Amino acid sequence: MQWQQLAGALFGAGHTIRADGDFLHGTGAVDGNTLAVIGTTGHAAIGVELALAQSRAVLDTIDRWPGRPILLLIDTQGQQLRRRDELLGINRAMAHLGMAIDLARRQGHRVLGLVYDQALSGGFITSGLAADACYALPEAEIRVMRIPAMARVTK
């Protein structure tokens with residue numbers, strides 16, 4: 001399912017979600033309650049920039065809208081497997097995202113994850129699995145690691 005279809009099904013016209021590359025952000029409204037919506041699309045590979053963009057969106061929500069629920073829309077192929085991201089500290093950027101989500105939860109934000117396409121390994125662990133609750137659409141696929149990634153890691 002494409003994120004636009006999902007947003008329409010969840011919020012109708014009552015959302016401001018937009019995509020900047022593979023990064024989703026905006027708001028949605030349900031029964032008069034506004035949610036922050038943060039996520040990924042396009043089977044995103046979570047690199048340093050995308051992890052930090054998601055972290056910034058979570059931290060902005062904590063700062064600007066105390067207690068606002070956060071919905072994480074998840075479509076990821078896992079972490080970016082590039083030397084550049086490894087050298088820039090992808091492990092720290094992804095840990096930062098997980099810690100930002102944990103901080104949101106401790107500050108009273110209800111955090112929900114929704115896998116709407118695919119969720120793999122590190123890209124899922126630091127988002128959906130860090131949420132208060134995580135759900136998946138029936139057609140969603142959750143896996144540990146893709147075979148090409150396993151081959152790179154085990155070379």
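The values are calculated or read from the model by the stated rules, or taken from the named source; none is laboratory data. Here the structure is a predicted model, which is why all the values come from computation and not from measurement. Here Cβ is always computed from backbone atoms with ideal geometry, including for glycine, and neighbour counts include all displayed protein chains.
The table below lists the values:
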item: Total residues in region 110-127, condition over 14 Å from residue 41 (Cβ atoms) and either in a loop (DSSP other than H, G, I, E, B) or not β-branched (Val, Ile, Thr) (or both); result: 8
item: Residue within region 81-98 that is closer than 20 Å to residue 4 by Cα and surrounded by 16 or more Cβ atoms within 10 Å (Cβ to Cβ) present; result: no
item: Flag for residue 133 being without any contact (Cβ under 8 Å) to a residue 40 or more places away in the chain, out of contact with any Leu (no Cβ under 9 Å at 6 or more places or on another chain) and exposed (fewer than 15 other Cβ atoms within 10 Å of the Cβ); result: no
item: Selection within region 89-143 - farther than 21 Å from residue 8 by Cβ and of a type in the set (Ser, Thr, Tyr); result: 121, 126, 127
item: Condition broken by residue 10, with the remaining ones in (1) within 18 Å of residue 134 (Cβ to Cβ); (2) touching a helix residue (DSSP H, G or I) at 6+ places or on another chain (Cβ under 9 Å) satisfied; result: (2)
item: Among residues of region 1-22, those that are under 19 Å from residue 140 (Cβ atoms) and assigned to a strand (DSSP E or B), counted; result: 1
item: Region 36-76, residues that are in a loop (DSSP other than H, G, I, E, B) and closer than 20 Å to residue 89 by Cα; result: 47
item: Only one of 38, 70, 62, 90 that is within 17 Å of residue 121 (Cβ to Cβ), out of contact with any Cys (no Cβ under 6 Å at 6 or more places or on another chain) and β-branched (Val, Ile, Thr); result: 90
item: Qualifying residue in region 77-95 (condition: at pLDDT 95 or above and assigned to a helix (DSSP H, G or I)); result: no
